[in-house]
1. Wrap a convex hull around the Cα atoms of the range 29-81, take a quarter of its surface area, and give that in square nanometres.
2. Kindly provide the helix-only [θ] at 222 nm of the chain, computed as the sum of -39,500 (n - 2.57) over DSSP H runs of four or more divided by all residues, to the nearest 500 deg cm²/dmol?
3. Sort Lys22, Lys296 so that the residue with the fewest other Cβ atoms within 10 Å of its own Cβ comes first and the one with the most comes last.
4. Got a sec? How would Asp293, Asp10, Asp315 order by Cβ neighbour count within 10 Å, fewest to most?
5. Give me the extension gain from Lys310 to Lys166: residue separation times 0.36 nm, minus the current Cα-Cα distance, reported in nm with one decimal.
6. Each label point is 7 Å from the Cα along the Cα-to-Cβ direction; what then is the distance between the points at Thr300 and Lys87, in nm?
7. Mind scanning Lys30/Lys60; Lys66/Lys325; Lys8/Lys296; Lys22/Lys304 and naming the pairs with a C-alpha gap bigger than 20 Å?
8. R0 = 35 Å: FRET efficiency of Phe77 with Glu201, Cβ-based, nearest 0.05?
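Computed from the coordinates by the stated procedures, all read-outs in this text should not be read as laboratory data. All values derive from a computational prediction rather than experimental measurement. Here the Cβ is made from the backbone with ideal geometry for all residues, glycine too, and neighbour counts use every protein chain on show.
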Amino acid sequence: MHAVTLIKGDGIGPSIMDEAVKVINASGAKIYWEEAFAGLSAFEQFGTPLPDATMASIDKTRIAFKGPLTTVVGTGFRSINVALRQKYELYANVRPANNWDGVKTRYDNVDIVIVRENTEGLYSGLEHYLTPKKDIAESLAVVTRTGSLRVIEYAFKYARDNNRKKVTVCHKANILKFTQGLFLDVAREVAARYLDIQFDEKIVDAACMHMVMNPQQFDVVVTTNMFGDILSDLTAGLVGGLGLIPGANIGDDAALFEAVHGSAPDITGKNLANPAAVVMAGVMMLNHLGEFDAAKRVQTAIEKVVREGKFVTPDLNPQSTCGTKEMGDAIVAAMGN
Ligand SMILES: NC(=O)c1ccc[n+]([C@@H]2O[C@H](COP(=O)([O-])OP(=O)(O)OC[C@H]3O[C@@H](n4cnc5c(N)ncnc54)[C@H](O)[C@@H]3O)[C@@H](O)[C@H]2O)c1
């Protein structure tokens with residue numbers, strides 16, 4: 001039995017997480033869910049966005065399955081997502097984006113895995129005003145050799161273990177010669193130790209253009225925190241949108257699985273949210289836990305449901321009247337339960 005901390009999150013979080021838990025429970029995986037709270041809803045309920053009990057649970061289970069958390073723009077508490085990634089040193093954020101049968105997009109044969117540095121860079125949290133009038137502000141981007149090495153090693157090892165051919169480092173070392181320069185130097189060092197994996201370097205702005213003109217040239221992409229955040233939404237757009245893209249936050253002794261998307265306030269409470277991204281995050285978690293048969297069962301079922309296109313949410317089929325719950329039910333039914 002695997003103990004997993006379950007955080008349903010904010011906005012569309014509870015509705016999609018309920019479906020994902022239902023699907024995982026039906027897969028035969030042996031999971032014991034320990035429910036905990038975080039985000040805006042936790043703040044409203046407990047007066048803190050990250051209660052001690054939530055951290056006590058993750059301290060124990062070392063595995064979390066999390067819905068999206070709302071972080072108010074500009075003001076309010078610091079992102080709890082960033083705080084959790086830093087506290088548990090979840091340094092590699094793995095975000096795969098690939099075409100799905102049944103989802104028509106502008107591109108075919110896209111299969112990109114973004115490996116985003118998840119604890120440093122411009123999201124280090126070192127940000128403040130420099131004047132009492134608050135008319136000058138600064139953010140510090142912290143990049144360390146250790147932090148760069150562990151995520152870049154992870155990306156190359158991931159490529160080798162998953163039969164991938166190429167790693168592209170996306171950087172801005174032409175302008176940010178120290179922080180981005182350090183990341184690029186480490187990438188070149190690591191690449192020299194993985195001669196079986198092709199290595200490419202791209203300046204991040206040019207990489208954006210290449211991704212929308214010829215996405216098939218990308219395989220595994222490794223990059224710093226903010227660039228990875230942005231590029232992974234871009235890759236989501238190439239293959240059918242945020243409703244499909246899962247993410248794994250991996251550290252040496254803890255891991256957290258979630259969708260790439262946020263709490264989607266524009267569709268909250270409308271039974272429109274696609275549960276596929278969190279279900280696929282569940283597949284990543286099951287594989288991480290060694291529950292390979294259950295992972296395969298869930299993946300095969302969700303691929304069937306999406307391919308058939310009948311019980312999918314309107315982001316995938318605008319004619320569909322199917323909601324979040326009905327799509328979850330269809331995935332369970334496709335597992336033969
Ligand atoms: N990991 C996280 O917890 C996480 C990630 C990103 C954003 N956020 C937070 O989420 C909040 C909202 O952010 P946002 O609106 O910029 O981004 P968002 O990802 O919530 O939504 C962007 C767009 O994608 C759509 N969308 C997202 N998930 C969908 C799904 N499952 N099915 C169908 N459509 C979906 C939304 O309706 C919206 O139009 C913010 O507070 C932000 O900080 C949290």
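1. 4.1 nm²
2. -12500 deg cm²/dmol
3. Lys296, Lys22
4. Asp293, Asp315, Asp10
5. Stretched fully, the Lys310-Lys166 segment lengthens by 48.2 nm.
6. The answer from the label model is 3.9 nm.
7. Where the Cα-Cα span goes over 20 Å, the pairs concerned are Lys8/Lys296.
8. E between Phe77 and Glu201, to the nearest 0.05, is 0.40.
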